[in-house]
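The values are calculated or read from the model by the stated rules, or taken from the named source; none is laboratory data. Every value quoted in this text rests on a predicted model; they were computed, and no experiment measured them. As a convention, Cβ positions derive from the backbone with ideal geometry for all residues, glycine included, and neighbour counts pool all protein chains shown.
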Amino acid sequence: MNALAPLLEFLAIPSVSTDPAHKEDVRRAALWLSERLRALGFTTELHETPLHPILYAERLVDPKAPTVLVYGHYDVQPPDPLGLWTTPPFEPTVREGKVFARGASDDKGQLWAHVAALEGLEARVNLKFLVEGEEEIGSPHLLPFVRAHREKLRADVVLISDGAMFAPETPTLTYGLRGLTYLEVRLKGARRDLHSGAFGGVAPNPIQALGWILARLKEEGTGQVLIPGFYDRVRPVSEEERRLWPALDEEALRRELGVEVLPGEAGYTPLERLWARPTLDPNGVWGGYQGEGSKTVIPAEAGMKLSMRLVPDQDPEEVAELAERYLQEICPPGYRLEVVRLHGGRPVLTDPFSPPMRLMARALEEVWGRPPVYAREGGTIPVVAELQEALSAPVVLLGLGLNDDNLHAPNEKFDLVNLEKGIATLRRFHQLLAAQGLGHS
Ligand code: BES
Ligand code: MN
Ligand code: MN
């Protein structure tokens, strides 16, 4: 496959957006992609931001032809823990029909499918690419960029591949994403670390207090989040939507995760809990002595990272307010609690049967030999809600990855079949779009 060699080059660039040591590499990835798009006849602009550049490229052929805006991200997550990779994260390697590398699925491989699809393609479609290097850190500079450049970005459809298919060999159209509120919580007791014998009995222990706080965030029996107002704006799932959902193989999911139960909010199916219910999860906790052996100490500080996945119509800022207020309220006397808001993203819901979704459904069926299933996903892509709103254009989420791609984990991979069929699907989409436009049919 001649789309593979360039992808391996792209994947070899360690564009880790969160790590200042890789700032130049992130830029190199943007420039690499920019060159590829130029070779396909695009004009490209690199927009500098206080952190990583935004790449905008366009190839406009006819003002009367439909316009497609493709979004993707060229930054990747840190590769740690390095010791668990079979082959190094930035030495892309093909094994058993899969390419292994950090970013293989999230999102370089999927983004690359959109570029490779244009090779030698004859279709009268105007194309725009909007590619950022800050998705994995919450898209801080892309959100204002989109608001400021509505005209430039205007399109009839927004195309995004940065997610997964519902199951292998199951073409999938995604019409919903969860949002996110991410907080860091710091809890302080005494002014300094204390000998646990000399002061134990009179000293506040922030680790203990953190435990009390954690226990009051979610109810043990029901898995319900106890933050007042948390569920107020959650939109219930209609019967009609539920009928659209494919069946989840719970047994396969348990096996995949190596667990015996799938714990979650009582009264909802696992699929609803993944797609249409909000969650709260501590993502990290710290405090006190973590080294070898023992150390008798009462730490002055403890803390945690706390993320909440949101669904329509919850608002990340509003949920952050509610959470902060509640955390302060349940903070035991004698402790100081500080909350730092890390990042967020709004949830998304789109029309599964919009004209471009119907067109993509046809392209998928032609290429995969079966019609797509309709799914939501639990992850977050912060700019999607912004694009949908600022451009008032329908969004098509075409996940090309698989749920076992190891996103953000060691041994991330992308199946080459998905790359190949993804490319074929996108080519077909552009041809259908050029031939019949987006008139309702
Ligand atoms: N591509 C993912 C989002 C995703 C994951 C969508 C799985 C569908 C299924 C994206 O790169 C990502 O990791 N997003 C972060 C958002 C955050 C850093 C603001 C996430 O969801 O944690
Ligand atoms: Mn991604
Ligand atoms: Mn990601």
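Among residues belonging to the range 55-77 that are within 16 Å of ligand 1 (Cβ to nearest atom) and of a type in the set (Val, Ile, Thr), point out the one that is farthest from Val125 (Cα to Cα).
For the range 55-77, the residue satisfying everything is Val76.
Return yes when Glu132 is charged (D, E, K, R), in the same structural domain as Leu46 (by TED's automatic domain parsing) and within 12 Å of ligand 1 (Cβ to nearest atom) and no when it is not.
Here the answer is yes, as Glu132 does meet what is asked.
Could we say that Glu240 is exposed (fewer than 12 other Cβ atoms within 10 Å of the Cβ), in contact with a helix residue (DSSP H, G or I) (Cβ under 7 Å, 6 or more places away or on another chain) and farther than 23 Å from Arg346 by Cα here? Full working, then the answer.
Working: exposed (fewer than 12 other Cβ atoms within 10 Å of the Cβ): yes; in contact with a helix residue (DSSP H, G or I) (Cβ under 7 Å, 6 or more places away or on another chain): no; farther than 23 Å from Arg346 by Cα: yes.
No.
Where residues in the range 103-119 are charged (D, E, K, R) and out of contact with any Ser or Thr (no Cβ under 9 Å at 6 or more places or on another chain), which of them is surrounded by the most Cβ atoms within 10 Å (Cβ to Cβ)?
Per the criteria, the residue is Asp106.
Mind checking which residues of the range 285-323 are assigned to a strand (DSSP E or B), more than 19 Å from the chain's Cα centre (by Cα) and not hydrophobic (A, V, I, L, M, F, W, C)?
Within the range 285-323, Gly287, Glu301, Gly303 qualify.
State whether the residues of the range 161-182 include one that is away from ligand 2 (no atom under 16 Å from the Cβ), part of a strand (DSSP E or B) and within 25 Å of Val340 (Cα to Cα).
The answer is yes, given that some residue of the range 161-182 is away from ligand 2 (no atom under 16 Å from the Cβ), part of a strand (DSSP E or B) and within 25 Å of Val340 (Cα to Cα).
Quick check on my filter: what residues within the range 99-147 are more than 16 Å from ligand 3 (Cβ to nearest atom) and either basic (Lys, Arg) or in a loop (DSSP other than H, G, I, E, B) (or both)? Quick ask: steps written out before the conclusion?
Let us first name the residues in the range 99-147 that are more than 16 Å from ligand 3 (Cβ to nearest atom), namely 99-100, 113-130, 141, 143-147.
Hits for the range 99-147 are Ala117, Leu118, Glu119, Gly120, Leu121, Glu122, Ala123, Arg124, Val125, Lys128, His141, Arg147.
Inside the range 389-423, can you point out the residues that are surrounded by 17 or more Cβ atoms within 10 Å (Cβ to Cβ) and of a type in the set (Gly, Ala, Ser)?
Those that are surrounded by 17 or more Cβ atoms within 10 Å (Cβ to Cβ) and of a type in the set (Gly, Ala, Ser): Ala390, Ala393, Gly399, Gly401, Gly422.
Pick out the one residue from Glu122, Glu91, Glu96, Glu151 that is modelled with pLDDT under 95, more than 16 Å from ligand 2 (Cβ to nearest atom) and surrounded by fewer than 20 Cβ atoms within 10 Å (Cβ to Cβ). It would help to see each step written out before you state the result.
Numbers: Glu91 fails: modelled with pLDDT under 95; Glu96 fails: modelled with pLDDT under 95; Glu151 fails: modelled with pLDDT under 95.
Exactly one of Glu122, Glu91, Glu96, Glu151 is modelled with pLDDT under 95, more than 16 Å from ligand 2 (Cβ to nearest atom) and surrounded by fewer than 20 Cβ atoms within 10 Å (Cβ to Cβ), namely Glu122.
With the structure loaded, tell me whether Ala390 is out of contact with any Phe, Trp or Tyr (no Cβ under 9 Å at 6 or more places or on another chain), closer than 30 Å to Pro278 by Cα and away from ligand 2 (no atom under 16 Å from the Cβ) or whether it fails that test. Full working, then the answer.
Working: out of contact with any Phe, Trp or Tyr (no Cβ under 9 Å at 6 or more places or on another chain): yes; closer than 30 Å to Pro278 by Cα: yes; away from ligand 2 (no atom under 16 Å from the Cβ): yes.
Considered against the rule, which asks whether it is out of contact with any Phe, Trp or Tyr (no Cβ under 9 Å at 6 or more places or on another chain), closer than 30 Å to Pro278 by Cα and away from ligand 2 (no atom under 16 Å from the Cβ), Ala390 comes out as yes.
Return the residue satisfying two criteria in turn: it lies in the range 203-222 and is assigned to a loop (DSSP other than H, G, I, E, B) and touching a strand residue (DSSP E or B) at 6+ places or on another chain (Cβ under 9 Å), and of such residues it is farthest from Thr170 (Cα to Cα).
Ala203
Can you pull out the residues in the range 158-183 that are more than 12 Å from ligand 1 (Cβ to nearest atom) and closer than 23 Å to Asp313 by Cα?
Val158, Leu159, Leu173, Tyr175, Leu183
Consider only pairs whose beta carbons are under 6 Å apart and that are at least six residues apart or on different chains; among these, list those whose first residue lies in the range 56-75 and is outside any strand (DSSP E or B) and whose second residue is of a type in the set (Gly, Ala, Ser) and at pLDDT below 95.
Hits for this filter: Pro66/Gly437.
Within the range 102-129, can you find the residues that are more than 16 Å from ligand 1 (Cβ to nearest atom) and at positive phi?
Listed by number, the list holds a single entry, Gly120.
Could you pull out the residue among Leu310, Leu306 that is within 30 Å of Leu173 (Cβ to Cβ) and not small (Gly, Ala, Ser)?
It is Leu310.
Take Lys128 and decide whether it is under 30 Å from Ser307 (Cα atoms) and basic (Lys, Arg).
In short, no.
Find the residue count for the range 49-94, including only residues that are within 16 Å of ligand 3 (Cβ to nearest atom) and of a type outside the set (Ser, Thr, Tyr).
10
Would you check if Thr279 is within 22 Å of the chain's Cα centre (by Cα), under 30 Å from Lys188 (Cβ atoms) and of a type in the set (S, T, N, Q)?
Criteria met by Thr279.
Taking Met304 and the conditions (1) closer than 28 Å to Gly197 by Cα; (2) without any contact (Cβ under 8 Å) to a residue 40 or more places away in the chain, which numbered condition does it fall short on, given that it satisfies the others?
Every condition holds for Met304 apart from (2).
Please go through the range 173-198 and give me each residue that is farther than 17 Å from Lys305 by Cα, surrounded by 21 or more Cβ atoms within 10 Å (Cβ to Cβ) and either hydroxyl-bearing (Ser, Thr, Tyr) or within 16 Å of ligand 3 (Cβ to nearest atom) (or both), ordered by number.
Those that are farther than 17 Å from Lys305 by Cα, surrounded by 21 or more Cβ atoms within 10 Å (Cβ to Cβ) and either hydroxyl-bearing (Ser, Thr, Tyr) or within 16 Å of ligand 3 (Cβ to nearest atom) (or both): Thr174, Tyr175, Leu177, Arg178.
Under 7 Å between Cβ atoms, which residue pairs at least 6 apart in sequence (or on different chains) link something in the range 1-15 that is over 13 Å from Ala30 (Cα atoms) with a partner that is acidic (Asp, Glu) and part of a helix (DSSP H, G or I)?
From the range 1-15, the pairs are Met1/Glu420.
If I filter the range 388-410 down to residues being over 14 Å from Met165 (Cβ atoms) and of a type in the set (S, T, N, Q), which single residue comes out as nearest to ligand 1 (Cβ to nearest atom)?
Filtering the range 388-410 for residues that are over 14 Å from Met165 (Cβ atoms) and of a type in the set (S, T, N, Q), the one nearest to ligand 1 (Cβ to nearest atom) comes out as Asn406.
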